[in-house]
Amino acid sequence: MKLIYYLCFLGFLTFIACKKEKIIQPSATPYWGEMSVNKNGVAWAALPVASPNLSAGYGLNIFFDSIDQFNVLREEVGIYKVPYNPGTYPITYTAIGKNDSLIGAQFLYAQHDLVLGYYDVLTSDTTNYVTLLSYDSVSREIKGTFGITFIATHKPFANAPDTIRLRDGAFHTKVAK
C-alpha cells in the first residue's frame with residue numbers, strides 16, 4: 001500500500017515539474033502597448049496604461065507599472081494631467097490632486113497596493129518633460145516620449161537610490177475607457 005502512495009506522489013511531482021511555466025498577466029488593469037526608458041542608466045521596461053484624469057476633469061494619466069512574475073506591482077511611474085493635444089509639456093511638481101493645468105509625476109516602489117517608497121519630481125531639474133507625439137481619438141492610441149528626475153521622499157530600503165533619473169523614455173499605449 002505504501003508503494004502505491006509513493007508512486008502516486010512521484011507521479012504528482014512529475015506532473016508539476018513537467019508543466020510549462022505560465023506567464024501571469026495582470027487581469028484587472030487594461031495594459032496595452034509598450035514602454036521603454038533608461039532608469040539611472042540601465043534599460044527598464046514596464047507595462048503602460050493611460051486613462052482620463054477624472055479627478056481634475058481634464059487630461060490624461062499615464063502609468064508605467066513594473067509587475068513581477070507573481071503579478072505583484074513593484075514599481076510605478078505616474079504622469080498626471082497630460083493634455084490630449086500633441087506637444088511638449090514641462091513636468092513641474094509631484095502633487096497629483098491639484099485642480100490646475102500643471103503636469104505632475106511620481107515614482108514609487110510598491111508591494112501590491114502597499115507603497116514602500118516614494119519619490120517626488122526634482123523641481124530644480126528644468127529638463128523634466130512629457131511629449132505627446134500623437135493622439136488618435138478613434139483608436140484611443142497615444143504615443144510619446146518623456147524624461148523625469150525624481151528625488152527620494154521616503155526610501156523603500158536602505159540602499160535604494162537617492163535620485164532616480166528616467167531618460168530617453170518612449171511609450172505607445174491606449175487610453176482606457
Query raised in the report: Of the lysine pairs in region 30-174, how many meet both conditions: Cα atoms under 22 Å apart, and a spacing of 8 or more in sequence or different chains?
Result: 6
Query raised in the report: Projected onto the charge dipole of region 30-174 (+1 at Lys/Arg Cβ, -1 at Asp/Glu Cβ, origin at the Cα centre), which of Pro86, Ala158, Asn40 gives the Cα projection farthest towards the positive end?
Result: Pro86
Requested in this report: Take peptides 157-170, 80-93 and line them up by average Cβ neighbours within 10 Å, highest first, as a rough protection proxy.
Outcome: 80-93, 157-170
Query raised in the report: Using 7 Å Cα-to-Cβ label points, what is the Thr123/Ala170 separation (nm, one decimal)?
Result: 3.3
Query - Assigned charges on the beta-carbon of Lys, Arg, Asp, Glu; region 41-177 dipole about Cα centre (debye) - result: 240
Report summary line: Note on region 29-91: alpha-carbon gyration tensor, axes a ≥ b ≥ c; rule is a/c under 1.5 for rounded, else prolate if a/b larger than b/c, else oblate; result oblate
Report task. Find the centroid of the Cα atoms in region 140-177 and in region 70-92, then give the distance between the two in whole Å. Result -> 7
Requested in this report: Once you have the Cα-Cα distance between Val72 and Phe157, take 0.36 nm times their residue separation minus that, and quote the gain in nm to one decimal.
Outcome: 28.8 nm
Query raised in the report: What list of ³J(HN,Hα) values in whole Hz, one per residue of region 66-83 in order, does the Karplus curve 6.51 cos²θ - 1.76 cosθ + 1.60 (θ = phi - 60°) give from phi, with Gly and Pro shown as x?
Result: 9, 10, 7, 5, 9, 6, 9, 5, 10, 9, 8, 10, x, 10, 10, 6, 6, x
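Computed from the coordinates by the stated procedures, all read-outs in this text should not be read as laboratory data. On a predicted model such as this, the values are computed, not experimentally measured, just so you know. Glycine gets a Cβ as well: all are built from the backbone with ideal geometry, and neighbour counts include every protein chain shown.
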